[in-house]
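Okay, structure first, notes after.
The values are calculated or read from the model by the stated rules, or taken from the named source; none is laboratory data. For clarity, every value in this text was computed on a predicted model and none was experimentally measured. Here the Cβ positions follow ideal geometry from the backbone for every residue, glycine too, while neighbour counts run over all protein chains shown. To get the accessible areas, we keep the full protein, side chains included, count just its heavy atoms, and leave off ligands, DNA and RNA. Shrake-Rupley method; radii C 1.70, N 1.55, O 1.52, S 1.80 Å.
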Amino acid sequence: MAELVAVIASTHHPFFYRASTSTGEDRPPFADEWVRKVEAFRETLTKARPDVLVMVGSDHFHQLWLDNMPQFLVGKAPFYDANWYNEEREFGLPRMLFEGQEDLSTYILREGIDAGFDLAFSNELRIDHSITCPIITLRPQNDLPIVPIYTNIFAPPLPRPSRFVQLGKTIRQLVESWPSDKRVAVIGTGHLSLELGGPRQFGPHGPDPEFDQKAVQWIASGDLDGCLSEVTLDSLHLPGNATHGFMDFMLMMGVAGEGKKADYVDTYDLFHTMEAYFTWYPNGGVA
Amino acid sequence: MSKYLLNKFLFTVDRDPELVERYREDPKGMVEAWESEYANRILNCHGAESSTWLRFEDAEREALAAHDYPRLFELGAHPFLTLTLFIAMFERDHEPLGFQLEYARRLGHFALPYPDIAT
């Protein structure tokens, strides 16, 4: 069977690419420290020596639209083009091309549906910065095949937080039962407190530093019970109007497992939102 | 209320560089043209199979024609779509982050709970 060699949860900050590649007067004062932190985080994936990456993210109204909106969607294609005109325009993100791990997509779809998730699929998916940002930060050489999985954290009605956790647990079971000798890492990105298009946006910190501290603690300690007891679809409006992206972190806590402490934790308090980086090694260490 | 159609406007304009510029330069004319030419198109369907029933309410049409993003927020347009498109149109006229901060200030009178964005 395949081996799950790393579980990684991260924020996906679309400004990292521009900040890290800018020079001279254009380089923001926080860029050097940010790059240092990202490179240290990257090492946690490199050490796990993965062959395949399962990438969990959320389309930001790029390909998925309100006339036909899936809650959970798995890409099943040999290739994925990536990044969109409005992401090039606003964030300076480059166009990218990924290879797909199509047999794992097939397996996740078949077994996931049989496990109770009526997963949507796409045979031609252009992916966005929720998946390209962690490739840029964690695997910039972009040399590994992927399985993209999209969640709806954006267009209500949304699945509830517990459903994200259940899907995470199921993804783990499916990866570990995949008849393959590949080493698989599951990487998912979301947000801590975040406001977009509202009065609390682009402040000196994330809109709710208290929530961020609590969230980091839940994730770092694998405290799914504590997290699920406080986080609801309604409660997520309070820390910021885009904070439902935190449910992708909850999904990744489901992949990592109840009570599983992260092996690597780092954060970086930036304007607008707090960066947060977590890595678990399911087999207790890197082989 | 046709929040869906407001969002459809923001979505279809934001992804098209030509429409972004037309909306910046001539919002009233652009909104009228969009409503007659685009509003009923189902996005992945042939033009002959367009919908027949979609139209803005007056308040929505006026808010779009006035570039009135606080009013769009109040009407329940998706904040991410509004923000992204308005950054595309007006960030260029400000210092770095200046437009985003002005945007926040102009929405400063909204308190929780924010207007419902469910469509």
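Here is the list for segment A:203-280: GluC sites (Glu not before Pro) lying in DSSP coil, each with at most 13 other C-beta atoms within 10 angstrom of its C-beta, are A:258.
At an R0 of 22 angstrom, the distance between the Cβ atoms of residue B:97 and residue A:66 translates into a FRET efficiency of 0.15.
Pairs A:169/B:3; A:37/B:8; A:182/A:214; A:76/B:8; A:47/A:169: which are spaced more than 30 Å apart, C-alpha to C-alpha? Where the Cα-Cα span goes over 30 Å, the pairs concerned are A:169/B:3; A:37/B:8; A:182/A:214. Where the accessible area of segment A:3-280 is counted over protein heavy atoms with a 1.4 Å probe, how much of it, in %, is carbon and sulfur? In segment A:3-280, the share of accessible area belonging to carbon and sulfur is 49 percent.
Coupling constants for segment B:25-33 follow from the phi torsions by the Karplus curve (6.51 cos²θ - 1.76 cosθ + 1.60, θ = phi - 60°), and in residue order they are 7, 9, x, 5, x, 5, 5, 4, 5 Hz; glycine and proline get x.
Buried surface for the A/B pair, taken as the accessible area of each chain alone minus that of the pair with a 1.4 Å probe, is close to 2600 Å² in total. Against chain B, whose longest principal axis comes from its Cα atoms, helix B:79-90 is set at around 80 degrees. Among rounded, prolate and oblate, which fits segment A:39-97 when a ≥ b ≥ c are the square roots of the eigenvalues of its C-alpha gyration tensor, a/c under 1.5 means rounded, and a/b larger than b/c means prolate? Verdict is oblate for segment A:39-97.
Checking every one of the GluC sites (Glu not before Pro) in segment B:21-82 against DSSP loop status and a limit of 15 other Cβ atoms within 10 Å picks out B:57. For residue A:127, the residues whose modelled amide H falls within less than 5 Å of its own, excluding neighbours fewer than 5 places apart on the same chain, are A:81, A:82, A:83. When the Cα gyration tensor is reduced to axis lengths a ≥ b ≥ c, the ratio a/c is 1.5 or higher for segment A:46-132, and with a/b not above b/c it is classed as oblate. Distance from the alpha carbon centroid of segment B:77-114 to that of segment B:1-44 works out to 19 angstrom. Residues of segment B:35-50 buried by at least 40 Å² of accessible area upon assembly of all protein chains, compared with the chain on its own (1.4 Å probe), are absent.
As a length-normalised measure over Cα pairs under 8 Å and 6 or more apart, the relative contact order of chain A settles at 30 percent. Residue-wise HN-Hα couplings along segment B:69-76, as the Karplus relation 6.51 cos²θ - 1.76 cosθ + 1.60 with θ = phi - 60° gives them from phi, are 6, x, 5, 4, 4, 4, 7, x Hz; Gly and Pro carry x. Where only DSSP H runs of four or more residues are counted, chain A gives -10500 deg cm²/dmol as its mean residue ellipticity at 222 nm, each run worth -39500 (n - 2.57).
Fully extending the segment from residue B:18 to residue B:58, taken as 0.36 nm per residue of separation minus the present Cα-Cα distance, adds 11.9 nm. Bridge orientation summary for chain A: considering DSSP beta bridges with both residues in this region, about 45 percent are antiparallel. On the basis of the beta-carbon distance and an R0 of 30 Å, residue A:160 and residue B:37 show a calculated FRET efficiency of 0.15. Loop-located trypsin sites (Lys or Arg not before Pro) in segment B:50-89 (DSSP state not H, G, I, E or B) with no more than 15 neighbouring Cβ atoms inside 10 Å: B:55. The residues of chain A expose on average 37 square angstrom of accessible surface per residue, using a 1.4 Å probe on protein heavy atoms.
For residue A:69, the accessible area of its heavy atoms, probed at 1.4 Å with every protein chain present, is near 60 square angstrom. Compare each residue of segment A:171-215 in its chain alone against the assembly with all protein chains, and report those whose accessible area goes down by 10 Å² or more; 1.4 Å probe, heavy atoms. Listed in order, they are A:196, A:197, A:198, A:199, A:200, A:201, A:202. Candidates B:7, A:19, B:30 compared by Cα position along the dipole of the protein assembly as shown: farthest toward the positive end lies A:19, with charges placed on Cβ. Per the helix-only calculation at 222 nm, which mean residue ellipticity applies to chain B, given -39500 (n - 2.57) for every DSSP H run of n ≥ 4 and division by its residues, nearest 500 deg cm²/dmol? Roughly -16500 deg cm²/dmol at 222 nm, from the helical runs in chain B.
Would you please classify the overall shape of segment A:159-199 from the alpha carbon gyration tensor, given that a ≥ b ≥ c denote the square roots of the eigenvalues, rounded means a/c under 1.5, and beyond that prolate means a/b larger than b/c while oblate covers the rest? Oblate. The average projected area of the protein assembly as shown, computed from the convex hull of its Cα atoms over all directions, is 19.1 nm².
Close amide-amide hydrogen proximity is noted between residue A:273 and A:206, each under 5 Å apart and 5 or more residues distant or on a separate chain (H modeled in the peptide plane; Pro and chain starts excluded). Computed over protein heavy atoms with a 1.4 Å probe, the carbon and sulfur contribution to the accessible area of chain B reaches 51%. Residues in segment A:188-201 carry Karplus couplings, in order, of x, 10, x, 9, 8, 4, 7, 10, 10, x, x, x, 9, 6 Hz; the curve used is 6.51 cos²θ - 1.76 cosθ + 1.60 with θ = phi - 60°, and Gly or Pro positions show x.
For residue A:147, the amide hydrogen comes within under 5 Å of the amide hydrogens of A:53, A:54, A:55, A:101, counting only partners 5 or more places away or on other chains and with H modelled in the peptide plane.
Interface residues of segment A:221-241, defined as those losing at least 30 Å² of solvent-accessible heavy-atom surface relative to the isolated chain (probe radius 1.4 Å), are listed as A:241.
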